[in-house]
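Structure record follows, encoded as structure tokens.
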Amino acid sequence: MVLLAESAGAPVSVAALTSRVVQSVDWLAVAPPTLLALAALAVLVADLFLPAARKPVLGAVTVGGIVLAGLSLLPLHGGTRSTFCLTTGSHTCSYEADRFTLVIQLLVIAGALLTALLSHDAVRDDRMPAGEYWFLLLSSAAGAVLLPASRDLATLVVALEVASLPAFALVGLRRGDRRSSEAALKFFLSSVTATAVTLLGVSFVYAATGTLHLTDIAHSLGDIDPRLAVLARTGVVLTLVGFAFKTAAVPFHFWVPEAYVGAPLPVAGYLSVVGKAVGFTGIALVTVVAFPSYANVWGPALAVLAAVTMTAGNVAALRQRPDRRHGAVRLLAWSSVGQAGYLLVPLAAAGYAREPGRAIGSTVAYALMYAAVNLGAFAVAALVARTNPAQRLADYRGLYARRPLAALCLAFFLLCLAGLPPGVIGLFAKVTVFSVAVDAGLGWLAVVMAVNVVIALYYYLQWTAVLFRAPEGSPEAVRVPAPLGAAIGLAAVAGVVLSGAPQLVLRFASGTLL
């Protein structure tokens, strides 16, 4: 057997040296992002050979790939599986499929599935290139599914960009639409700037600790050289910037209204749910797992960010006039900014709580509720846009007379977002977040949240009331395409089931991290 000499002089075999570098991959653990990536490649190749009349098949392939990725989560429910691990030293891993990972992956895959159902008719009606659209959607979903399993900063940043870069193209995919192109450019430039700042923060953290793995960073920061303390503290803050941008937290929110208005409605719904899931997952991982010893830095920062974000979003939503063009989409955009503030509250509380895992579980529970009802609201908006492309709030007047079930579903979704019965799951989620803030000693933040909930009631109830007013003209029937109707129905069923047993959400999400 051939022997090699190490620096210490002791011989080592080729087989032993290879075992330190090459390792087997747990394909079952990495199945969800892998299946989505393979589906994206299949769509891209099939698009080259399918005639124009057969392009709708690509949508079916996309839905099938997403469903398969969802089914691949079932074998992973039994416990934690890790792969891409270091073979020496701390033996930490770059990919870990634990309960936290599975819950977020389920959220992302469900959001991608609803988006795909919403997109079937939008791709044809807006004359978007089908192959490119479905490929970009699957690619972005693959990155979003990879991110919660990432356990080192390099993989986190790569997953963040894989989720983000296709989203830029999706926003601007309506060729010839000036508003769409402008929104995509603003989204791209602001996101690239945020990513550059994040990479600078990652480099600072690496310089201070000498590692990129999250658990190793936590151990190193717990006993940092005092001469590197400022460098490490700066790196912690800068690393959070890119993830704060994805959550649309103030002051990184300015791209949201333009991007939502310029993007196709299914893409806007995708950004509002999956984009936020990516951002909050990244923040949870880098703060609670990698930077627990710097909770005195990121805890107060996230608390202030939460208060400012929810206030800015809700106040801006109040300013939307009923006759303003794209007013409904702008209201949903600003509402999503306000909801981002609520989602940040438990993350901030994790910096003060003795059990940060419970706080993270509250954020995950709130995100599950928000994903179902917000995508449902975008689905009904897509239905109304078929006859009223201007998307004014006034266009929803008398929707109950035209489409009773759609109006009732939208009213239910809005009441869930407002936190009012019969949207019990929305009320339950808000109370859970509120109690986490109080338990962590953030009474002032709980008060700010309560005030913002009252502010949000006004515009949610105002929109709900419009649905049931008498229409100004004779009611015009609106045909509901089967995929769009399925998306609305699935979102409504999810909201009703969760409202019937809200404790299941918290039990499912609790203890997902730490």
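Observations on the model:
- Screening 135, 84 for residues that are over 22 Å from the mean Cα position of the chain (by Cα), open to solvent by 10 Å² or more (accessible area, probe 1.4 Å) and among the hydrophobic types (A, V, I, L, M, F, W, C) leaves exactly one candidate, 84.
- Boolean, residue 260 is in contact with a Ser or Thr (Cβ under 6 Å, 6 or more places away or on another chain), open to solvent by less than 10 Å² (accessible area, probe 1.4 Å) and among the aromatic types (Phe, Trp, Tyr): no
- Evaluation of residue 67 against (1) assigned to a strand (DSSP E or B); (2) modelled with pLDDT of 90 or more (one fails), failing number: (1)
- Selection status of residue 173, in a loop (DSSP other than H, G, I, E, B) and either buried (at least 23 other Cβ atoms within 10 Å of the Cβ) or among the aliphatic types (A, V, I, L, M) (or both): yes
- Applying the criterion of being under 19 Å from residue 370 (Cβ atoms) and surrounded by fewer than 24 Cβ atoms within 10 Å (Cβ to Cβ) to the residues of the stretch 104-127, the residue that is farthest from the chain's Cα centre (by Cα) is 113.
- Residue, farthest from residue 45 (Cα to Cα), within the stretch 120-139, restricted to residues that are modelled with pLDDT of 90 or more and in contact with a Gly (Cβ under 8 Å, 6 or more places away or on another chain): 138
- Test: residue in the stretch 362-373 that is over 30 Å from residue 119 (Cα atoms) and either touching a residue at least 40 places away in the same chain (Cβ under 8 Å) or over 23 Å from the mean Cα position of the chain (by Cα) (or both): yes
- Filter pass, residue 417 being under 24 Å from the mean Cα position of the chain (by Cα) and open to solvent by less than 10 Å² (accessible area, probe 1.4 Å): yes
- Qualifying residue in the stretch 398-413 (condition: crowded, with 16+ Cβ neighbours inside 10 Å and closer than 30 Å to residue 302 by Cα): yes
- A count restricted to the stretch 426-460 and to residues that are part of a helix (DSSP H, G or I), open to solvent by 10 Å² or more (accessible area, probe 1.4 Å) and among the small types (Gly, Ala, Ser) stands at 3.
- Applying the set (1) surrounded by 23 or more Cβ atoms within 10 Å (Cβ to Cβ); (2) in a helix (DSSP H, G or I) to residue 316 leaves exactly one unmet item: (1).
- Condition check for residue 351: touching a residue at least 60 places away in the same chain (Cβ under 8 Å), buried (at least 20 other Cβ atoms within 10 Å of the Cβ), over 17 Å from the mean Cα position of the chain (by Cα) and part of a loop (DSSP other than H, G, I, E, B): yes
- Tally, over the stretch 205-227, of residues that are among the hydrophobic types (A, V, I, L, M, F, W, C), farther than 23 Å from residue 347 by Cα, buried (at least 16 other Cβ atoms within 10 Å of the Cβ) and at pLDDT 85 or above: 1
- Checked against the criterion of being of a type in the set (Val, Ile, Thr), at pLDDT 90 or above and closer than 19 Å to residue 365 by Cβ, the candidates 453, 433 yield just one match: 453.
- From 159, 142, residue being more than 21 Å from residue 240 (Cα to Cα), crowded, with 23+ Cβ neighbours inside 10 Å and at pLDDT 90 or above: 142
- Being surrounded by fewer than 19 Cβ atoms within 10 Å (Cβ to Cβ), modelled with pLDDT under 90 and either more than 16 Å from the chain's Cα centre (by Cα) or not in a helix (DSSP H, G or I) (or both) is not true of residue 232.
The values are calculated or read from the model by the stated rules, or taken from the named source; none is laboratory data. Small disclaimer: the values here were computed from a predicted structure and weren't measured. Note that each Cβ is placed from the backbone with ideal geometry, even for glycine, and that neighbours are counted across all protein chains shown. SASA here: full protein model, heavy atoms, side chains in, ligands and nucleic acids out. Shrake-Rupley method; radii C 1.70, N 1.55, O 1.52, S 1.80 Å.
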